[in-house]
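Bear in mind these aren't lab numbers, they're just calculated from the coordinates by the rules spelled out. Since this is a predicted model, take the numbers as computed values, not measurements. As a convention, Cβ positions derive from the backbone with ideal geometry for all residues, glycine included, and neighbour counts pool all protein chains shown.
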Amino acid sequence: MELSTIIEHVKPEEVLNFKNIDIKGISYNSNTINSHEIFVCLKGEHVDGHDFAQKAFEKGATALMCERPLNIEIPQLIVKSTQKKIADLAACFHHYPSKNLNLIGVTGTNGKTTVTHLIQKIMEEGGKKCALIGTLGYKLSHKSEYFEAKHTTPQAPELQATLEKILNHDITNVVTEVSSHALEQFRVRKCDFKGAVFTNLTQDHLDYHITMENYFLAKQKLFQSLDSGAFAVINIDDKYAKRLIENIKEGVKVYTYGVKNIADVKADDIEFTSSGAKFNCTALGETLPIELHLNGMFSIYNALAAITTCLACSMDLKTCKEALENTQGVAGRFEIVHTNPMVIVDYAHTPDGLENILRAARELTHKDAELICLFGCGGDRDATKRPKMGKIAQDLSDKIVITSDNPRSEDVQQIITDILAGLKGIDPKTVFVEPDRRSAIELLKKISNENDVIIVAGKGHENYQILNDRTIHFDDREEVKRVFG
């Protein structure tokens, strides 16, 4: 793409050393830049891309996007915020693919991954091609393999490139997870969302957002970006729902779902069994019974979110029912890895998420058996949720094993101490501490009986553990199978 075309769309404050060169790519990493690419000097939490512009130039960058003039004799696009303008640049370079897509964004603290997968499944059951972008990577269809992703919501250049690739595969429906970080960092700027889904809002990421108010305002940006003709799907049972709806533009169609309150799509007569959850779904005047192979109240909400979204996309309730009843689950989300004892691996890493899975697991625990929970908390993240998660685990489980998660640069023992602060007391018969996660999973076999239910929480689908000095291969599911056979 010619630099003059980029300038026309990005509208920089100033252009230095202009030459109408051909730009063949976008990079913000000086280590991986290729020749004839434009290097964007992003300012991060720990590094400033301007400090790496010379290196990028030496490795082949032929233009720069920066916030101040640099002493490098190549074209420079001077902008006020490279974080914002990289999104404009990426959308322009990839020809604004979302304008030709039915792009649906799913945001919320919990449930994003499951909801996106359920929407994809329902759409494909109804004969609509649908791609997915999220925590597990991106998929061109329900049956295709995942392509790797580094973030829940990719950075703008990767996101726009993925959207263009999806469009080139003649797929017009895309459902994507949208994280609060992505919204705050403008990664989805210039994305033309035709629909947005709100699952819930509970404590998480306060290390980044500092307050729940900031966290809410970040999530709200997705809904404020919707234009007339788009739709919003809202969990009406969440305490932030009313406020979210009040700030949506006129002309955006709002659909609600819930269990406790009056909603467009509602679940009644809910029943949980060892094989899943059953409920009657009433949607826009029609009622059908639905039997899920997923369990827990959170699964009911996830199913309702997916149903409501697909109804908003002109699909029918019968198709939703058939697709959901044929769905087995999502990797690392309440995934049963072993039976006798039943060992369930789940991604829950927030107070609300942990409470949800433990309540769901209790429904599966016989009266003469015990519910055991293994969990830890991530390092370099919101420390205030650690004692809360400790209290929840102790209150809802018969035994708990406290261990490491992704400690990153923090001392594992300090993280565990923070968790222990939330406990009422430490009975050595019910509270176990084992900092090494592999050893902690081995400990589960020693303290459990074959009728027990065990939750291994925090990492879910992840196949790595981030330590202070390195990242190692570690998969809870593999470890459970190794220990329990």
Taking the Cα centre of the stretch 335-484 as origin, work out the dipole magnitude from +1 charges on Lys and Arg Cβ and -1 charges on Asp and Glu Cβ, in debye rounded to 20.
-> 160
Once amide H atoms are built 1.01 Å from N in the peptide plane, which residues 5 or more positions from Val254, or in another chain, come under 5 Å H to H?
-> Ala232
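From Cα pairs below 8 angstrom and at least 6 apart in sequence, can you work out the relative contact order of the stretch 97-325, rounded to a whole percent?
Across the stretch 97-325, relative contact order equals 20 percent.
In what order do Met389, Met1, Met342 fall by count of nearby beta-carbon atoms within 10 Å, going from fewest to most?
Numbers: Met389 28, Met1 17, Met342 21.
If I rank by nearby Cβ atoms, fewest first, I get Met1, Met342, Met389.
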Given a cut-off of 24 Å, name the pairs among Lys55/Lys99; Lys59/Lys99; Lys19/Lys85; Lys24/Lys121 whose C-alpha atoms lie farther apart than that in the structure shown.
-> Lys55/Lys99; Lys59/Lys99; Lys24/Lys121
Could you list, in their original order, any pairs among Lys112/Lys459; Lys399/Lys446; Lys112/Lys194; Lys143/Lys253 whose Cα atoms are separated by more than 20 Å?
-> Lys143/Lys253
So, relative contact order of the stretch 335-484 in percent, Cα under 8 Å, 6 or more apart, is 35
Show me 101-113, 277-289, 233-245 ranked by packing, highest mean number of other Cβ atoms within 10 Å first.
-> 101-113, 233-245, 277-289
List, in order, the whole-Hz ³J(HN,Hα) value for each residue of the stretch 60-76 obtained from phi through the Karplus relation with A = 6.51, B = -1.76, C = 1.60 and θ = phi - 60°; use x for Gly and Pro.
-> x, 4, 10, 7, 10, 10, 8, 9, 8, x, 10, 7, 9, 7, 9, x, 10
Got a sec to turn the phi values of the stretch 309-316 into Karplus ³J(HN,Hα) couplings, 6.51 cos²θ - 1.76 cosθ + 1.60 with θ = phi - 60°, whole Hz, x for Gly and Pro?
-> 4, 5, 5, 5, 9, 6, 8, 9
For the stretch 231-304, with only Lys/Arg (+1) and Asp/Glu (-1) charged at the beta-carbon, what is the dipole magnitude about the Cα centre, in debye rounded to 20?
-> 300
Using alpha carbons only, how many degrees (0 to 90, rounded to 10) separate the axis of helix 156-168 from the longest principal axis of the chain?
-> 90
To the nearest 10 degrees, how steep is helix 212-224 against the longest Cα principal axis of the chain, on a 0 to 90 scale?
-> 60
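Would you mind ranking Arg437, Arg362 so that the residue whose beta carbon has the fewest other beta carbons within 10 Å leads the list?
On the way: Arg437 24, Arg362 16.
Starting with the residue having the fewest Cβ neighbours, the order is Arg362, Arg437.
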Amide H neighbours of His338 at under 5 Å, excluding residues fewer than 5 places away on the same chain, with H built from the backbone geometry, are Val343
Cβ-based charge dipole, the chain, positive-most Cα from Asn173, Val252, Asn406 = Val252
Segments 255-262, 83-90, 468-475 sorted - mean Cβ within 10 Å per residue, highest first | 83-90, 255-262, 468-475
What list of ³J(HN,Hα) couplings, whole Hz, do you get for the stretch 111-125 from phi and the Karplus terms 6.51, -1.76, 1.60, once you set θ to phi - 60° and write x for glycine and proline?
-> x, 4, 5, 5, 4, 4, 5, 5, 4, 4, 4, 5, 4, 6, 4
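Given contacts defined as C-alpha pairs under 8 Å and at least six residues apart, what's the relative contact order of the stretch 236-358, whole-number percent? Could you put the intermediate results ahead of the total?
Values: 169 pairs, mean separation 20.0, N = 123.
It comes to 16 percent, rounded to a whole number.
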Taking a quarter of the surface of the convex hull around the Cα atoms of the stretch 335-484, what do you get in nm²?
-> 7.7
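If you take the Cα atoms of the stretch 97-325, find Rg, then find the Kirkwood Rh from the mean of 1/r over all pairs, what is Rg/Rh?
On the way: Rg = 16.4 Å, Rh = 17.5 Å.
So for the stretch 97-325, dividing Rg by the Kirkwood Rh gives 0.94.
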Counting Lys and Arg as +1 and Asp and Glu as -1, each charge on the Cβ, what is the dipole of the chain about the Cα centre in debye, to the nearest 20?
-> 460
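Roughly what % of DSSP beta bridges within the chain run antiparallel, to the nearest 5?
Numbers: 29 of 79 bridges.
Among the beta bridges of the chain, antiparallel pairing accounts for roughly 35 percent.
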Near the amide H of Gly460, under 5 Å away, which other amide H atoms are found, from residues 5 or more places off or on another chain, if H is placed in the peptide plane?
-> Asp346, Tyr347
Starting with the fewest neighbours, write out Val456, Val265, Val254 ranked by other beta-carbon atoms found within 10 Å of each beta-carbon.
-> Val254, Val265, Val456
With unit charges on the beta carbon (Lys/Arg positive, Asp/Glu negative), name the residue among Thr107, Val483, Ile472 whose Cα is farthest towards the positive pole of the charge dipole of the chain.
-> Thr107
Cys with no candidate disulfide partner in the chain (beta-carbon separation under 4.7 Å rule) = Cys92, Cys130, Cys191, Cys281, Cys310, Cys313, Cys320, Cys373, Cys377
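Among 125-131, 367-373, how do they line up by average Cβ neighbours within 10 Å per residue, starting with the highest? Walk me through the intermediate numbers first.
Values: 125-131: 19.3, 367-373: 17.4.
Listed from highest to lowest mean packing, they are 125-131, 367-373.
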Volume per residue of the C-alpha convex hull in the chain, rounded to whole Å³ | 148
